[in-house]
Amino acid sequence: MKYVDEFRDPEVIRKTAEEIRRLADPDRHYRLMEVCGGHTHAIYRFGLKDVLPANIELVHGPGCPVCVLPMGRIDDGLSVAEQPDVIFTAFGDMMRVPGAKGSPLEYKARGMDVRVVYSPADALKLAQKNPEKRVMFFAIGFETTAPSTALTLMQAKALGVRNFTVFCNHVTIIPAIRAILDSPDMRIDAFIGPGHVSTVIGCRPYEWISKNEGKPIVVSGFEPLDMLQSIVMLLRQLRRGEAKVENQYRRVVPWEGNRAALRAMAEVFELRPYFEWRGMGFISQSALRLRDSYAEWDAERQFSIPGLRVTDPKAAQCGEVLKGVLKPAQCKLFGRECTPEQPIGALMVSSEGSCAAYYNYEHRKAAVA
Amino acid sequence: MCLAIPGKIVELTPESHHNAVVDVAGVRRRVDLSLLEFEAPQPGDWVLIHVGFALSKISEEDALDQMRTLRLLGEEQAAMEEVRGYGLGEAAADERARAPEALGPSQSPPAKRGAA
(Lines give C-alpha, C1' and ligand atoms only; values in the text may rest on other atoms or scores of the structure.)
Protein backbone atom coordinates (compact mmCIF):
# COMPACT_ATOMS: atom_id res chain seq x y z
CA MET A 1 0.00 0.00 0.00
CA LYS A 2 1.45 3.26 -1.23
CA TYR A 3 0.86 5.49 1.72
CA VAL A 4 1.17 3.03 4.51
CA ASP A 5 4.42 4.42 5.82
CA GLU A 6 3.28 8.02 5.68
CA PHE A 7 0.33 7.15 7.78
CA ARG A 8 0.00 7.00 11.53
CA ASP A 9 0.49 3.50 12.93
CA PRO A 10 1.67 1.62 9.85
CA GLU A 11 2.17 -1.38 12.10
CA VAL A 12 -1.50 -1.37 13.11
CA ILE A 13 -2.43 -1.22 9.43
CA ARG A 14 -0.26 -4.26 8.66
CA LYS A 15 -1.79 -6.17 11.58
CA THR A 16 -5.29 -5.26 10.45
CA ALA A 17 -4.50 -6.44 6.93
CA GLU A 18 -3.25 -9.74 8.41
CA GLU A 19 -6.47 -10.06 10.37
CA ILE A 20 -8.42 -9.62 7.13
CA ARG A 21 -6.44 -12.45 5.54
CA ARG A 22 -7.10 -14.65 8.53
CA LEU A 23 -10.85 -13.97 8.53
CA ALA A 24 -11.43 -14.33 4.79
CA ASP A 25 -12.45 -17.84 3.79
CA PRO A 26 -10.11 -18.73 0.88
CA ASP A 27 -12.87 -20.78 -0.78
CA ARG A 28 -15.21 -17.85 -0.93
CA HIS A 29 -15.37 -14.73 -3.10
CA TYR A 30 -16.50 -11.62 -1.23
CA ARG A 31 -18.17 -8.67 -2.89
CA LEU A 32 -18.23 -5.68 -0.54
CA MET A 33 -19.82 -2.46 -1.78
CA GLU A 34 -18.56 0.90 -0.60
CA VAL A 35 -21.63 3.05 -1.00
CA CYS A 36 -19.90 6.41 -0.74
CA GLY A 37 -17.85 8.09 -3.48
CA GLY A 38 -15.48 9.49 -0.87
CA HIS A 39 -14.61 5.91 0.07
CA THR A 40 -14.10 5.03 -3.61
CA HIS A 41 -11.60 7.86 -3.95
CA ALA A 42 -9.79 6.84 -0.76
CA ILE A 43 -9.62 3.16 -1.80
CA TYR A 44 -7.83 4.03 -5.05
CA ARG A 45 -5.70 6.77 -3.59
CA PHE A 46 -4.44 4.61 -0.73
CA GLY A 47 -4.08 1.55 -2.92
CA LEU A 48 -6.19 -0.50 -0.47
CA LYS A 49 -6.73 -3.20 -3.06
CA ASP A 50 -3.04 -4.03 -2.81
CA VAL A 51 -3.35 -5.11 0.81
CA LEU A 52 -6.57 -7.07 0.41
CA PRO A 53 -6.58 -10.73 -0.56
CA ALA A 54 -7.65 -11.37 -4.15
CA ASN A 55 -10.97 -12.91 -3.11
CA ILE A 56 -12.17 -9.66 -1.52
CA GLU A 57 -13.64 -7.50 -4.25
CA LEU A 58 -14.60 -3.91 -3.54
CA VAL A 59 -17.58 -2.85 -5.63
CA HIS A 60 -18.11 0.86 -6.10
CA GLY A 61 -21.53 2.14 -5.18
CA PRO A 62 -23.78 4.99 -6.28
CA GLY A 63 -22.70 7.53 -3.66
CA CYS A 64 -21.24 10.20 -5.92
CA PRO A 65 -23.90 12.92 -6.23
CA VAL A 66 -22.50 14.43 -9.41
CA CYS A 67 -22.34 11.00 -11.05
CA VAL A 68 -25.91 9.90 -10.39
CA LEU A 69 -27.50 13.04 -11.77
CA PRO A 70 -29.02 12.33 -15.21
CA MET A 71 -27.88 14.64 -17.96
CA GLY A 72 -31.35 16.09 -18.49
CA ARG A 73 -31.29 17.67 -15.03
CA ILE A 74 -28.10 19.52 -15.90
CA ASP A 75 -29.67 20.84 -19.10
CA ASP A 76 -32.82 21.77 -17.18
CA GLY A 77 -30.77 23.71 -14.64
CA LEU A 78 -28.73 25.40 -17.34
CA SER A 79 -31.88 26.43 -19.21
CA VAL A 80 -32.41 28.87 -16.33
CA ALA A 81 -28.94 30.33 -16.89
CA GLU A 82 -30.09 31.29 -20.40
CA GLN A 83 -32.93 33.45 -19.08
CA PRO A 84 -32.42 37.18 -18.57
CA ASP A 85 -30.91 38.60 -15.38
CA VAL A 86 -30.08 35.18 -13.95
CA ILE A 87 -26.95 34.28 -12.00
CA PHE A 88 -26.50 30.50 -12.05
CA THR A 89 -24.54 29.19 -9.05
CA ALA A 90 -23.25 25.71 -8.28
CA PHE A 91 -20.47 23.93 -6.43
CA GLY A 92 -17.18 23.67 -8.28
CA ASP A 93 -17.71 19.90 -8.79
CA MET A 94 -20.57 20.65 -11.18
CA MET A 95 -18.73 23.06 -13.45
CA ARG A 96 -17.22 20.54 -15.83
CA VAL A 97 -20.10 18.07 -15.86
CA PRO A 98 -21.39 17.87 -19.43
CA GLY A 99 -25.01 18.55 -20.30
CA ALA A 100 -26.30 17.90 -23.82
CA LYS A 101 -25.44 21.48 -24.81
CA GLY A 102 -22.31 21.83 -22.73
CA SER A 103 -21.14 22.07 -19.15
CA PRO A 104 -21.79 25.03 -16.83
CA LEU A 105 -18.24 26.15 -17.61
CA GLU A 106 -19.00 26.17 -21.34
CA TYR A 107 -22.19 28.16 -20.70
CA LYS A 108 -20.04 30.66 -18.84
CA ALA A 109 -17.67 30.87 -21.79
CA ARG A 110 -20.69 31.65 -23.99
CA GLY A 111 -21.45 34.67 -21.83
CA MET A 112 -23.96 33.31 -19.32
CA ASP A 113 -23.48 34.42 -15.72
CA VAL A 114 -22.33 31.14 -14.14
CA ARG A 115 -20.48 31.26 -10.82
CA VAL A 116 -18.92 28.80 -8.40
CA VAL A 117 -20.01 28.98 -4.77
CA TYR A 118 -18.59 26.90 -1.96
CA SER A 119 -21.69 27.10 0.20
CA PRO A 120 -25.39 27.55 -0.55
CA ALA A 121 -25.28 30.37 2.01
CA ASP A 122 -22.96 32.24 -0.37
CA ALA A 123 -25.47 31.93 -3.20
CA LEU A 124 -28.01 33.56 -0.89
CA LYS A 125 -25.54 36.32 -0.07
CA LEU A 126 -25.02 36.89 -3.77
CA ALA A 127 -28.78 37.35 -4.17
CA GLN A 128 -28.85 39.90 -1.34
CA LYS A 129 -26.03 41.87 -2.96
CA ASN A 130 -27.61 41.78 -6.42
CA PRO A 131 -31.29 42.59 -5.86
CA GLU A 132 -31.80 43.31 -9.57
CA LYS A 133 -30.65 39.77 -10.48
CA ARG A 134 -32.30 36.40 -10.01
CA VAL A 135 -29.85 34.05 -8.31
CA MET A 136 -30.40 30.31 -8.69
CA PHE A 137 -28.47 27.70 -6.73
CA PHE A 138 -28.13 24.32 -8.45
CA ALA A 139 -28.30 22.05 -5.40
CA ILE A 140 -26.85 18.56 -5.49
CA GLY A 141 -25.83 16.05 -2.89
CA PHE A 142 -27.02 13.37 -0.54
CA GLU A 143 -28.03 13.96 3.07
CA THR A 144 -24.61 15.47 3.82
CA THR A 145 -25.36 18.66 1.92
CA ALA A 146 -29.18 18.72 1.90
CA PRO A 147 -29.40 20.21 5.45
CA SER A 148 -27.22 23.16 4.39
CA THR A 149 -29.52 23.88 1.46
CA ALA A 150 -32.51 23.58 3.81
CA LEU A 151 -31.05 26.05 6.32
CA THR A 152 -30.17 28.47 3.53
CA LEU A 153 -33.78 28.35 2.29
CA MET A 154 -35.04 28.91 5.83
CA GLN A 155 -32.81 31.98 6.04
CA ALA A 156 -33.99 33.23 2.65
CA LYS A 157 -37.56 32.96 3.86
CA ALA A 158 -36.86 34.57 7.23
CA LEU A 159 -35.02 37.46 5.57
CA GLY A 160 -37.60 37.77 2.79
CA VAL A 161 -35.05 37.42 -0.01
CA ARG A 162 -37.26 37.01 -3.09
CA ASN A 163 -34.66 36.90 -5.85
CA PHE A 164 -33.15 33.61 -4.69
CA THR A 165 -34.21 30.14 -5.84
CA VAL A 166 -32.95 26.59 -5.52
CA PHE A 167 -33.03 24.00 -8.30
CA CYS A 168 -33.18 20.97 -6.05
CA ASN A 169 -31.43 17.73 -7.03
CA HIS A 170 -30.88 16.38 -3.55
CA VAL A 171 -31.12 12.60 -3.39
CA THR A 172 -31.34 10.13 -0.54
CA ILE A 173 -29.07 7.17 -0.07
CA ILE A 174 -31.42 4.50 1.28
CA PRO A 175 -33.58 4.04 -1.87
CA ALA A 176 -30.40 3.76 -3.95
CA ILE A 177 -29.13 0.92 -1.76
CA ARG A 178 -32.55 -0.70 -2.04
CA ALA A 179 -32.45 -0.42 -5.83
CA ILE A 180 -29.05 -2.12 -5.87
CA LEU A 181 -30.26 -4.94 -3.66
CA ASP A 182 -33.35 -5.35 -5.86
CA SER A 183 -31.31 -5.41 -9.05
CA PRO A 184 -31.11 -8.97 -10.44
CA ASP A 185 -27.56 -8.58 -11.78
CA MET A 186 -26.11 -7.53 -8.44
CA ARG A 187 -24.78 -9.81 -5.77
CA ILE A 188 -23.37 -7.93 -2.80
CA ASP A 189 -22.33 -9.71 0.40
CA ALA A 190 -22.03 -6.69 2.65
CA PHE A 191 -21.83 -2.90 2.66
CA ILE A 192 -19.29 -0.33 3.79
CA GLY A 193 -21.72 2.39 4.88
CA PRO A 194 -21.22 6.06 4.08
CA GLY A 195 -19.49 8.17 6.74
CA HIS A 196 -20.74 11.72 6.37
CA VAL A 197 -24.24 10.91 5.18
CA SER A 198 -24.57 8.89 8.38
CA THR A 199 -23.52 11.91 10.45
CA VAL A 200 -26.89 13.32 9.40
CA ILE A 201 -29.18 10.28 9.17
CA GLY A 202 -27.51 8.14 11.84
CA CYS A 203 -27.34 4.35 11.68
CA ARG A 204 -30.97 3.38 12.26
CA PRO A 205 -32.09 3.86 8.63
CA TYR A 206 -29.79 0.97 7.64
CA GLU A 207 -31.43 -1.57 9.93
CA TRP A 208 -33.65 -3.01 7.18
CA ILE A 209 -30.50 -3.98 5.26
CA SER A 210 -29.49 -6.31 8.06
CA LYS A 211 -32.94 -7.34 9.29
CA ASN A 212 -34.78 -7.79 5.99
CA GLU A 213 -31.99 -8.42 3.51
CA GLY A 214 -29.62 -10.29 5.80
CA LYS A 215 -26.62 -8.19 4.79
CA PRO A 216 -24.06 -6.73 7.20
CA ILE A 217 -23.30 -3.01 6.97
CA VAL A 218 -20.58 -1.08 8.78
CA VAL A 219 -20.55 2.73 8.73
CA SER A 220 -16.94 3.65 8.09
CA GLY A 221 -14.49 6.52 8.35
CA PHE A 222 -12.20 7.53 5.49
CA GLU A 223 -8.69 6.81 6.74
CA PRO A 224 -7.03 3.63 5.48
CA LEU A 225 -7.22 2.10 8.94
CA ASP A 226 -10.92 2.99 9.22
CA MET A 227 -11.74 1.16 6.03
CA LEU A 228 -9.61 -1.87 6.86
CA GLN A 229 -11.21 -2.07 10.31
CA SER A 230 -14.64 -1.85 8.72
CA ILE A 231 -13.73 -4.75 6.43
CA VAL A 232 -12.61 -6.76 9.50
CA MET A 233 -15.97 -6.04 11.15
CA LEU A 234 -17.85 -7.12 8.01
CA LEU A 235 -15.81 -10.34 7.66
CA ARG A 236 -16.41 -11.20 11.32
CA GLN A 237 -20.15 -10.86 10.81
CA LEU A 238 -20.07 -12.90 7.60
CA ARG A 239 -18.01 -15.60 9.28
CA ARG A 240 -20.49 -15.87 12.15
CA GLY A 241 -23.44 -15.73 9.79
CA GLU A 242 -24.61 -12.49 11.38
CA ALA A 243 -26.11 -9.39 9.78
CA LYS A 244 -25.93 -6.26 11.89
CA VAL A 245 -25.53 -2.52 11.51
CA GLU A 246 -22.26 -1.50 13.12
CA ASN A 247 -20.63 1.90 13.47
CA GLN A 248 -16.88 2.00 12.98
CA TYR A 249 -16.91 5.83 12.64
CA ARG A 250 -18.23 6.53 16.12
CA ARG A 251 -15.92 9.47 16.66
CA VAL A 252 -17.99 11.41 14.13
CA VAL A 253 -21.26 9.52 13.54
CA PRO A 254 -23.86 9.46 16.33
CA TRP A 255 -26.22 6.47 16.17
CA GLU A 256 -29.24 8.79 16.07
CA GLY A 257 -27.79 11.20 13.50
CA ASN A 258 -27.98 14.99 13.69
CA ARG A 259 -31.38 16.13 15.00
CA ALA A 260 -31.01 19.74 13.90
CA ALA A 261 -30.12 18.65 10.37
CA LEU A 262 -33.04 16.21 10.12
CA ARG A 263 -35.41 18.86 11.43
CA ALA A 264 -34.24 21.45 8.87
CA MET A 265 -34.66 18.93 6.05
CA ALA A 266 -38.16 18.01 7.23
CA GLU A 267 -39.13 21.68 7.42
CA VAL A 268 -38.09 22.50 3.85
CA PHE A 269 -38.16 19.29 1.79
CA GLU A 270 -40.58 16.52 0.95
CA LEU A 271 -39.94 13.30 -0.96
CA ARG A 272 -40.52 13.30 -4.70
CA PRO A 273 -42.75 10.38 -5.79
CA TYR A 274 -39.90 9.32 -8.08
CA PHE A 275 -36.65 10.65 -9.50
CA GLU A 276 -34.42 9.52 -12.32
CA TRP A 277 -30.89 8.36 -11.49
CA ARG A 278 -28.24 8.06 -14.12
CA GLY A 279 -27.97 4.47 -15.17
CA MET A 280 -30.37 3.24 -12.52
CA GLY A 281 -33.60 4.60 -13.98
CA PHE A 282 -36.49 5.97 -11.96
CA ILE A 283 -36.33 5.18 -8.25
CA SER A 284 -39.40 5.89 -6.16
CA GLN A 285 -39.12 8.29 -3.22
CA SER A 286 -35.43 8.71 -3.78
CA ALA A 287 -35.09 12.48 -4.03
CA LEU A 288 -36.17 15.68 -2.33
CA ARG A 289 -38.11 18.69 -3.56
CA LEU A 290 -39.20 21.91 -1.89
CA ARG A 291 -42.45 21.89 0.06
CA ASP A 292 -45.32 24.15 -1.03
CA SER A 293 -44.42 26.51 1.79
CA TYR A 294 -41.14 27.18 -0.05
CA ALA A 295 -42.68 27.40 -3.56
CA GLU A 296 -41.48 31.01 -3.89
CA TRP A 297 -37.87 29.82 -3.65
CA ASP A 298 -38.32 26.76 -5.86
CA ALA A 299 -36.64 27.26 -9.26
CA GLU A 300 -38.79 24.48 -10.72
CA ARG A 301 -41.89 26.56 -9.98
CA GLN A 302 -40.47 30.05 -10.56
CA PHE A 303 -38.96 29.37 -13.97
CA SER A 304 -40.34 27.48 -16.90
CA ILE A 305 -38.12 24.42 -17.11
CA PRO A 306 -38.28 22.09 -20.10
CA GLY A 307 -38.11 18.83 -18.12
CA LEU A 308 -35.59 17.28 -20.46
CA ARG A 309 -34.70 13.63 -20.64
CA VAL A 310 -31.38 13.17 -22.36
CA THR A 311 -29.96 9.73 -22.86
CA ASP A 312 -26.28 9.24 -22.21
CA PRO A 313 -24.08 8.67 -25.26
CA LYS A 314 -24.86 5.12 -26.39
CA ALA A 315 -21.35 3.79 -26.09
CA ALA A 316 -20.90 5.14 -22.53
CA GLN A 317 -21.67 2.58 -19.85
CA CYS A 318 -21.94 4.93 -16.87
CA GLY A 319 -25.00 3.10 -15.59
CA GLU A 320 -23.34 -0.29 -15.42
CA VAL A 321 -20.31 1.20 -13.73
CA LEU A 322 -22.49 3.11 -11.25
CA LYS A 323 -24.30 -0.06 -10.25
CA GLY A 324 -21.02 -1.89 -9.90
CA VAL A 325 -21.83 -4.34 -12.71
CA LEU A 326 -18.84 -3.16 -14.77
CA LYS A 327 -15.44 -1.97 -13.63
CA PRO A 328 -14.46 1.48 -15.01
CA ALA A 329 -11.87 0.04 -17.41
CA GLN A 330 -14.47 -2.35 -18.87
CA CYS A 331 -16.41 0.57 -20.39
CA LYS A 332 -15.70 0.90 -24.10
CA LEU A 333 -14.91 4.62 -23.85
CA PHE A 334 -12.69 4.47 -20.77
CA GLY A 335 -9.32 6.12 -21.25
CA ARG A 336 -9.88 6.70 -24.98
CA GLU A 337 -12.88 8.91 -25.77
CA CYS A 338 -13.55 9.53 -22.09
CA THR A 339 -10.76 10.93 -19.89
CA PRO A 340 -10.67 13.40 -16.97
CA GLU A 341 -9.50 16.04 -19.47
CA GLN A 342 -12.33 15.30 -21.94
CA PRO A 343 -15.04 13.64 -19.85
CA ILE A 344 -18.09 12.16 -21.54
CA GLY A 345 -19.73 10.83 -18.39
CA ALA A 346 -19.89 12.44 -14.96
CA LEU A 347 -18.06 9.52 -13.33
CA MET A 348 -14.96 10.80 -15.07
CA VAL A 349 -15.40 14.35 -13.73
CA SER A 350 -15.81 14.14 -9.98
CA SER A 351 -12.91 13.03 -7.79
CA GLU A 352 -15.49 10.77 -6.16
CA GLY A 353 -16.47 9.20 -9.45
CA SER A 354 -15.08 5.70 -9.79
CA CYS A 355 -13.86 6.31 -13.37
CA ALA A 356 -11.84 9.41 -12.42
CA ALA A 357 -10.42 7.64 -9.38
CA TYR A 358 -9.52 4.56 -11.40
CA TYR A 359 -8.04 6.65 -14.20
CA ASN A 360 -5.94 8.83 -11.90
CA TYR A 361 -4.52 6.10 -9.73
CA GLU A 362 -4.57 2.86 -11.73
CA HIS A 363 -4.61 3.79 -15.39
CA ARG A 364 -1.89 6.46 -15.20
CA LYS A 365 0.22 4.16 -13.06
CA ALA A 366 -0.14 1.38 -15.64
CA ALA A 367 0.71 3.84 -18.42
CA VAL A 368 3.93 4.85 -16.64
CA ALA A 369 4.95 1.29 -15.86
CA MET B 1 -18.19 19.14 -2.20
CA CYS B 2 -18.25 16.15 0.10
CA LEU B 3 -15.05 17.30 1.77
CA ALA B 4 -15.28 17.41 5.54
CA ILE B 5 -12.95 20.16 6.66
CA PRO B 6 -11.80 20.39 10.28
CA GLY B 7 -11.74 23.81 11.92
CA LYS B 8 -11.53 25.35 15.37
CA ILE B 9 -14.13 27.79 16.64
CA VAL B 10 -12.38 31.09 17.39
CA GLU B 11 -15.37 33.13 18.48
CA LEU B 12 -19.11 33.04 18.38
CA THR B 13 -20.60 35.98 16.56
CA PRO B 14 -22.70 37.94 19.05
CA GLU B 15 -25.10 39.49 16.51
CA SER B 16 -26.03 36.13 15.09
CA HIS B 17 -26.12 33.13 17.38
CA HIS B 18 -25.77 30.59 14.56
CA ASN B 19 -22.56 32.07 13.18
CA ALA B 20 -18.99 31.65 14.32
CA VAL B 21 -15.53 32.56 13.15
CA VAL B 22 -13.66 29.31 12.55
CA ASP B 23 -9.94 28.84 11.93
CA VAL B 24 -8.92 26.27 9.33
CA ALA B 25 -5.15 25.93 9.09
CA GLY B 26 -4.70 29.65 9.64
CA VAL B 27 -7.55 30.81 7.41
CA ARG B 28 -10.49 32.36 9.24
CA ARG B 29 -13.99 32.34 7.89
CA ARG B 30 -17.51 32.60 9.13
CA VAL B 31 -19.19 29.23 9.39
CA ASP B 32 -22.82 28.46 10.19
CA LEU B 33 -23.34 26.52 13.44
CA SER B 34 -27.11 25.93 13.18
CA LEU B 35 -26.64 22.19 12.74
CA LEU B 36 -24.91 21.99 16.13
CA GLU B 37 -27.84 23.56 17.94
CA PHE B 38 -28.12 20.65 20.37
CA GLU B 39 -24.40 20.43 21.06
CA ALA B 40 -23.75 23.93 22.47
CA PRO B 41 -20.54 24.66 20.55
CA GLN B 42 -18.05 26.96 22.29
CA PRO B 43 -14.87 28.78 21.27
CA GLY B 44 -12.03 26.27 21.30
CA ASP B 45 -14.23 23.40 20.06
CA TRP B 46 -13.24 21.58 16.87
CA VAL B 47 -15.85 20.97 14.19
CA LEU B 48 -16.14 19.26 10.79
CA ILE B 49 -17.37 21.68 8.14
CA HIS B 50 -19.32 20.75 5.01
CA VAL B 51 -20.15 23.47 2.45
CA GLY B 52 -19.91 26.25 5.02
CA PHE B 53 -21.91 24.55 7.76
CA ALA B 54 -20.42 22.80 10.79
CA LEU B 55 -22.00 19.34 10.85
CA SER B 56 -20.32 17.68 13.83
CA LYS B 57 -18.21 18.41 16.87
CA ILE B 58 -15.01 16.34 17.02
CA SER B 59 -11.96 16.03 19.24
CA GLU B 60 -8.75 17.91 18.51
CA GLU B 61 -7.00 14.61 17.79
CA ASP B 62 -9.65 13.64 15.25
CA ALA B 63 -9.43 17.10 13.68
CA LEU B 64 -5.70 16.70 13.14
CA ASP B 65 -6.26 13.20 11.76
CA GLN B 66 -8.86 14.54 9.37
CA MET B 67 -6.44 17.19 8.09
CA ARG B 68 -3.86 14.47 7.55
CA THR B 69 -6.43 12.35 5.72
CA LEU B 70 -7.26 15.27 3.41
CA ARG B 71 -3.55 15.72 2.76
CA LEU B 72 -3.07 12.02 1.98
CA LEU B 73 -6.11 12.08 -0.28
CA GLY B 74 -4.56 14.99 -2.18
CA GLU B 75 -7.56 17.12 -1.23
CA GLU B 76 -5.92 19.57 1.13
CA GLN B 77 -5.60 22.29 -1.52
CA ALA B 78 -9.20 21.81 -2.59
CA ALA B 79 -10.26 22.06 1.06
CA MET B 80 -8.32 25.28 1.60
CA GLU B 81 -9.65 26.71 -1.64
CA GLU B 82 -13.15 25.88 -0.45
CA VAL B 83 -12.58 27.53 2.93
CA ARG B 84 -11.11 30.67 1.33
CA GLY B 85 -14.15 30.79 -0.92
CA TYR B 86 -16.66 30.85 1.97
CA GLY B 87 -18.37 34.22 2.16
CA LEU B 88 -17.33 34.70 -1.47
CA GLY B 89 -13.81 35.29 -0.21
CA GLU B 90 -14.81 38.43 1.61
CA ALA B 91 -15.21 37.26 5.17
CA ALA B 92 -11.59 37.97 6.05
CA ALA B 93 -12.03 41.56 4.98
CA ASP B 94 -15.23 41.79 7.06
CA GLU B 95 -13.36 40.40 10.01
CA ARG B 96 -10.51 42.85 9.70
CA ALA B 97 -12.92 45.76 9.47
CA ARG B 98 -14.64 44.62 12.62
CA ALA B 99 -11.61 43.68 14.73
CA PRO B 100 -8.38 44.92 13.18
CA GLU B 101 -6.23 43.69 16.05
CA ALA B 102 -7.60 40.16 15.91
CA LEU B 103 -6.42 39.29 12.43
CA GLY B 104 -3.19 40.25 10.83
CA PRO B 105 -2.61 40.32 7.10
CA SER B 106 -0.93 36.93 7.34
CA GLN B 107 -4.36 35.34 7.72
CA SER B 108 -5.78 36.75 4.54
CA PRO B 109 -5.40 34.78 1.34
CA PRO B 110 -3.14 33.66 -0.06
CA ALA B 111 -2.26 32.10 3.27
CA LYS B 112 0.75 29.87 3.56
CA ARG B 113 0.22 26.33 2.44
CA GLY B 114 -0.29 23.99 5.33
CA ALA B 115 1.56 21.10 3.79
CA ALA B 116 4.49 21.17 6.20
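On inspection, B:GLY74 qualifies as assigned to a loop (DSSP other than H, G, I, E, B) and either modelled with pLDDT of 90 or more or not β-branched (Val, Ile, Thr) (or both). Restricting attention to the range A:326-364, the residues that are modelled with pLDDT under 85 and away from chain B (no Cβ under 14 Å) add up to 3.
Here the condition is being away from chain B (no Cβ under 12 Å) and touching a Lys or Arg at 6+ places or on another chain (Cβ under 6 Å); of A:GLU106, A:GLU82, A:GLU57, it holds for A:GLU57 alone.
Quick check on the range A:67-78. Is at least one of its residues in contact (Cβ under 8 Å) with a residue 12 or more places away in the chain, surrounded by fewer than 22 Cβ atoms within 10 Å (Cβ to Cβ) and not in a helix (DSSP H, G or I)? No, the conditions are met nowhere in the range A:67-78. Scanning the range A:140-160 for residues that are surrounded by fewer than 24 Cβ atoms within 10 Å (Cβ to Cβ) and acidic (Asp, Glu) turns up nothing. In this entry, A:ASP292 passes the filter for residues that are within 28 Å of A:VAL268 (Cβ to Cβ) and more than 14 Å from chain B (Cβ to nearest Cβ). The helices (runs of 4 or more DSSP H) falling completely within the range A:170-265 that include 1 or more residues that are within 20 Å of A:GLY38 (Cα to Cα) map to A:173-182, A:195-201, A:224-240. Return the only residue of A:ASP298, A:ASP292 being in the same structural domain as A:ARG73 (by TED's automatic domain parsing) and in contact with a strand residue (DSSP E or B) (Cβ under 8 Å, 6 or more places away or on another chain). Matching residue, one of A:ASP298, A:ASP292: A:ASP298. Residues considered: B:GLU37, B:GLU61. Of these, the only one that is over 22 Å from A:ASP122 (Cα atoms), surrounded by fewer than 19 Cβ atoms within 10 Å (Cβ to Cβ) and modelled with pLDDT under 95 is B:GLU61. The residue list A:PRO224, A:PRO306, A:PRO273, A:PRO254 contains one member that is surrounded by fewer than 23 Cβ atoms within 10 Å (Cβ to Cβ), within 14 Å of chain B (Cβ to nearest Cβ) and either of a type in the set (Asp, Glu) or in contact (Cβ under 8 Å) with a residue 12 or more places away in the chain (or both), which is A:PRO254.
The values are calculated or read from the model by the stated rules, or taken from the named source; none is laboratory data. Note that this is a predicted model, so its numbers are computed, not measured. Glycine also receives a Cβ, built like all others from the backbone with ideal geometry; neighbour counts cover every protein chain displayed.
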